1. Residue by residue through the stretch 404-415, which ³J(HN,Hα) values in whole Hz follow from phi under the Karplus form 6.51 cos²θ - 1.76 cosθ + 1.60 (θ = phi - 60°), with glycine and proline marked x?
2. To the nearest 0.05, how large is the calculated FRET efficiency for residue 55 and residue 203 if R₀ is 35 Å and r is the Cβ-Cβ distance?
3. By average Cβ neighbour count within 10 Å, what is the ranking of 263-274, 47-58 from highest down?
4. Could you work out the relative contact order of the chain, using alpha carbon pairs under 8 angstrom and six or more residues apart, expressed as a whole percent?
5. Among 86, 312, 462, flag the residue with its Cα farthest along the positive direction of the charge dipole of the chain, charges on Cβ as +1 for Lys/Arg and -1 for Asp/Glu.
6. Please compute the modelled spin-label separation between residue 541 and residue 398, points set 7 Å along Cα→Cβ, answer in nm with one decimal.
7. Under the definition of Cα pairs under 8 Å and six or more residues apart, what whole-number percent is the relative contact order of the stretch 1-80?
8. To the nearest 20 debye, what charge dipole does the chain have about its Cα centre, counting +1 at the Cβ of each Lys and Arg and -1 at the Cβ of each Asp and Glu?
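We did not get these values from a lab; they are worked out from the coordinates using the rules stated. Bear in mind the structure is a predicted one, so any value in this text is a computation, not a measurement. So basically every Cβ, Gly included, is an ideal-geometry build from the backbone, and we count neighbours across all protein chains shown.
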Amino acid sequence: FFKKRMTKFIFITGGVVSSLGKGIVTSSLASLLKLSKFNLRIRKLDPYLNIDPGTMNPAQHGEVFVTDDGAETDMDLGHYERFTGIISKKSDNITTGKVYSEVLRKERKGDYLGSTVQVIPHVTDEIKKFIKKDIKNEDFVICEIGGTVGDIESLPFLEALRQLRNELGKEKSLFIHITLIPFISSANEFKTKPTQHSVKELLGLGIQPDLLICRTEKKFSTDSKKKISLFCNLSFDSVLMLENAETIYEVPLKLHNEGLLRKLNTHFSLKNKKTNLDFWNKFYQKFIYLEKQINVAIVGKYTNLSESYKSLNEALFHSGISNNTKVNISWIDSRKINDFNKTKKVLKSFHGILVPGGFGKEGSSGKINAIRFAKVFNIPFLGICFGMQLAIIESLRNLKGYEKSSSTEFGKTNFPVICMMHEWEKGKKIHKQDLDNLGGSMRLGSYESILKKHTLIFKIYNKKKIYERHRHRYEVNYKYLKSIEKSGITLSGMSPNKKLVEIIERTDHPWFVGVQFHPELKSTPFNPHPIFNSFISAVLKFKNQKN
Ligand code: GLN
């Protein structure tokens, strides 16, 4: 007879400060488990009040990651996918906002049968339900809790976890707490006190962490480790050290060396399985010995660009590695290149130009200048989402009679080349758009595109049908398709009903591609995205010709 598979839950909290790389540690642990052939789901519990991060400013909160099933989620889900290849679902990200709206919906429906609705048990029940939802034969569910222990907002989440630990028992649950051990140079000492306090805080909430992962700039001594173990009520070997890494993709290797899986196996009484780390080892080797270099300009509006465009950054890195190339990215603020001469000066030293997704009129003329510059000087160009829309506007503005082409996103126009679908298909909506609620009014998630044969994009994908993720409110106006083609653009990818433009390219240019979707969301170190692979080899070619 056989034992029923038991799902085990791993809860990951963070203490002392934010930005400890909790998401990367969570992803790395997930990667190690996946490489040990376990089945798993990875979830993020976000204590903020927004329903989802869709309406949050990416400059503050980082990128909004979009899943295949159309959820706007926390950017950590992007890391989970990149490290494991496991496709995230809507149900893998929950926020306080979602929990409360569900509780309030039930309250109005009368589901609570007259009882007083309270944080404990009603809110905590809802959180627990989410954690256990949609789980079938997973060996592990890893839940990362956003924020830092001690935040008021995260209290109901931690309380729910405390209860879960009681219900599941130690054999089926594990708490990992990630902290910081700062090095104080004036005293020439590592300081363990903040970690002690943070664990105390957790203990006060009824949670004793089973494992500590201590982030540190450099290795600390066994003495510090002993001290931490003594004050935090943990065995010596339950204190793991995580030194700064050269790349986030080195973290699975570092955690493995620290014995993370061994600890897990002991805790859950599992046999040690073989973990195949060949891929990460090779990836790291390639990373240290990159032979080539290119300079790519990304022209955008947000100031905190590398966080706002996390997936893009990573996608270029992945394809760089597979092209044996270090991709030096410069984030150019489009508001500073409103003048074409200025644009030339700023962009002249780059080997490739990319205009990523974006919103709003502000900064758009600088982006259009960058596109024109790439077009005229035959510099490899990739336009993503907004970048594609602007490439079309740029092209049409050079066609006689279409000089005023614009997007309705910028205000009223007589040439709405880019607009919302209801603006060109009065009454008939191809995809449902909810225009009253800004949150949730976009074309979101995975959609099919059909590629035209004998085009660059067909060569890149080498197939006819592709699926990519979308996140945009505006579309290319169907009525302008003929004029767009007349302006020198090939419509090389369309929606299956042939109405929505998904991919454009220029035949009068060595490498000029625009896509309505976000290819960066599907790139992983294991599967660098073909569009970025091709872009980078075009950039390399351009650089060689230039020299
Ligand atoms: N602002 C554009 C739209 O909503 C593009 C969005 C994007 O680039 N993600 O359609």
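1. Once θ is set to phi - 60°, the couplings for the stretch 404-415 become 9, 3, 7, 10, 5, 5, 9, x, 4, 8, 8, 10 Hz.
2. Details: r = 36 Å, r/R0 = 1.04.
Calculated value: 0.45.
3. Numbers: 263-274: 13.3, 47-58: 17.4.
In decreasing order of mean packing, 263-274, 47-58 become 47-58, 263-274.
4. On the way: 1049 pairs, mean separation 79.7, N = 547.
Answer for the chain is 15 percent.
5. Result: 462.
6. 2.0 nm
7. Details: 54 pairs, mean separation 21.3, N = 80.
Dividing the mean separation by the residue count of the stretch 1-80 yields 27 percent.
8. Working: 86 positive and 56 negative charges, 319 e Å.
That gives the chain a dipole magnitude of about 1540 debye.
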